[in-house]
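Single-structure report; data block below.
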Amino acid sequence: QVQLVESGGGLVQAGGSLRLSCAASRSILSYSAMYWYRQILGKQRELVASITSGGSTNYADSVKGRFTISGDNAKNTVYLQMNSLKPEDTAVYYCAALYRDLSWGQGTQVTVSS
């Protein structure tokens, strides 16, 4: 079973930065892809960023140029660097990994104040 644990969320002012971490139970190279999703209260979960085992990345238009997804193979960890944060980025952020199916972490809260 794939286990994912997110950390790094918190309260930050608009324009600030946070780095989220997703620690995986196995080598991140064993996953086809890893993802960061977010869920704004009362809305559906949406894909924010993805990274494949080959290192290709994709971003939602709403975060492009501000967020960066990356991985550290030695630490079995994927990161989401979030810069120039906006109040609209306030959400629970979830890590997900595609192995045999899509596995989810428990989420970490990010709150951006105006």
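The values are calculated or read from the model by the stated rules, or taken from the named source; none is laboratory data. Since we're looking at a predicted model, the values are computed, not measured. Using ideal geometry, Cβ is built from the backbone for each residue, glycine included, and neighbour counts are taken over all protein chains shown. When the accessible area is computed, the model is the full protein with side chains, heavy atoms only, and any ligands, DNA or RNA have been set aside. Shrake-Rupley method; radii C 1.70, N 1.55, O 1.52, S 1.80 Å.
Tabulated data for the structure shown
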read-out	value
Hits in region 66-106 - residues which are small (Gly, Ala, Ser) and out of contact with any strand residue (DSSP E or B) (no Cβ under 8 Å at 6 or more places or on another chain)	74, 84
Selection within region 85-113 - closer than 12 Å to residue 20 by Cβ and of a type in the set (Asp, Glu)	89
Filtered residues of region 85-100 (kept if among the acidic types (Asp, Glu) and surrounded by fewer than 18 Cβ atoms within 10 Å (Cβ to Cβ))	88
Tally of residues being exposed (fewer than 12 other Cβ atoms within 10 Å of the Cβ), within 19 Å of residue 100 (Cβ to Cβ) and not hydrophobic (A, V, I, L, M, F, W, C) across region 10-33	1
Subset of region 45-84 that is acidic (Asp, Glu) and open to solvent by 50 Å² or more (accessible area, probe 1.4 Å) - its residue that is nearest to residue 107 (Cα to Cα)	46
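Here's the yes/no breakdown for (1) more than 20 Å from residue 3 (Cβ to Cβ); (2) at pLDDT 95 or above; (3) of a type in the set (Phe, Trp, Tyr):
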position: 31; (1), (2), (3): no, no, yes
position: 34; (1), (2), (3): no, yes, no
position: 48; (1), (2), (3): yes, yes, no
position: 55; (1), (2), (3): yes, no, no
position: 58; (1), (2), (3): yes, yes, no
position: 65; (1), (2), (3): yes, yes, no
position: 100; (1), (2), (3): no, no, no
position: 105; (1), (2), (3): no, yes, no
